[in-house]
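Report on the structure given below.
The values are calculated or read from the model by the stated rules, or taken from the named source; none is laboratory data. Computed from a prediction, not measured in an experiment: that's the story for all the values here. Cβ coordinates were reconstructed from backbone atoms using ideal geometry, including for glycine residues, and neighbour counts include every protein chain displayed. Keep in mind that these areas ignore ligands, DNA and RNA; they rest on the heavy atoms of the full protein, side chains included. Shrake-Rupley method; radii C 1.70, N 1.55, O 1.52, S 1.80 Å.
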Amino acid sequence: MKKSRACWSVVMMLLFATVGYAQKQLVVLKGEKVLLRLRYGDEIVFRVKGSKTVRESYVNNLFDTAVMAHKDIIPFHKIDRIYFKHSNLANVVGGILLIGGTGYFVIDQFNTVVVQGHEASLDDNVTRTSVSMVAVGLPLFLIRKKSQRIRGRYRLLTANYDSPFYQHDLDHF
């Protein structure tokens, strides 16, 4: 009787062990899209409402409505801004313009020298178009948003193991 009870206890502990090791994640959401995901030990850079000081710490613990950064418990509603670099559609368009402008110039030179057999020369229309594409694409590509204000559609959430915002492949290192 005792052996079957001990075996049953071991089996139950092994079955529930997979849920036990899952750590919570702090996510920054824009509507239903996850912009940032932080786990225990990750660096967090934030500013509290009413303060001009940017605080840099690490995620020590996560609660339903607060984060423990080092030894301080900061409620989500007191966090004004989270600092992290992220890209948007303008960055993607800028990258496409950079590649397109450079590629257009290189293809024109290849066509002139290799295909047509002429000496390398600059066509005014191709040069103007290529330089314009690169000049517009470079700032779009390089200027990135460095922080996100937490309000309105942007919010903080603690994602548990059963949350749809939880990323399961982070559990297995």
Yes/no for THR53 being out of contact with any Leu (no Cβ under 8 Å at 6 or more places or on another chain), within 21 Å of LYS146 (Cβ to Cβ) and open to solvent by 40 Å² or more (accessible area, probe 1.4 Å):
yes
For region 74-86, indicate whether the set of residues that are at pLDDT below 90, under 18 Å from the mean Cα position of the chain (by Cα) and either small (Gly, Ala, Ser) or under 30 Å from GLU43 (Cα atoms) (or both) is non-empty.
yes
Can you list residue pairs whose Cβ atoms sit under 9 Å apart, with the first residue in region 99-110 being of a type in the set (S, T, N, Q) and the second being open to solvent by 40 Å² or more (accessible area, probe 1.4 Å)? Count only pairs 6 or more apart in sequence or on different chains.
THR102/MET133; THR102/VAL134; GLN109/ALA120; GLN109/SER121; GLN109/LEU122
Are any residues in region 71-86 without any contact (Cβ under 8 Å) to a residue 24 or more places away in the chain and open to solvent by less than 80 Å² (accessible area, probe 1.4 Å), and if so, which ones?
ASP72, PRO75
Close pairs from region 152-163: first closer than 17 Å to ALA66 by Cβ, partner surrounded by fewer than 16 Cβ atoms within 10 Å (Cβ to Cβ), Cβ under 6 Å, at least 6 apart:
THR158/ASP64; ALA159/PHE165
Matching residues in region 149-170 (open to solvent by 20 Å² or more (accessible area, probe 1.4 Å), under 15 Å from the mean Cα position of the chain (by Cα) and modelled with pLDDT under 90) number 3
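Just to check your reading of the model, which residue among LEU142, LEU89, LEU122 is in contact with a helix residue (DSSP H, G or I) (Cβ under 9 Å, 6 or more places away or on another chain), of a type in the set (A, V, I, L, M, F, W, C), open to solvent by 80 Å² or more (accessible area, probe 1.4 Å) and without any contact (Cβ under 8 Å) to a residue 40 or more places away in the chain? Can you show your working first?
Values: LEU142 fails: without any contact (Cβ under 8 Å) to a residue 40 or more places away in the chain; LEU89 fails: in contact with a helix residue (DSSP H, G or I) (Cβ under 9 Å, 6 or more places away or on another chain).
Exactly one residue qualifies, and that residue is LEU122.
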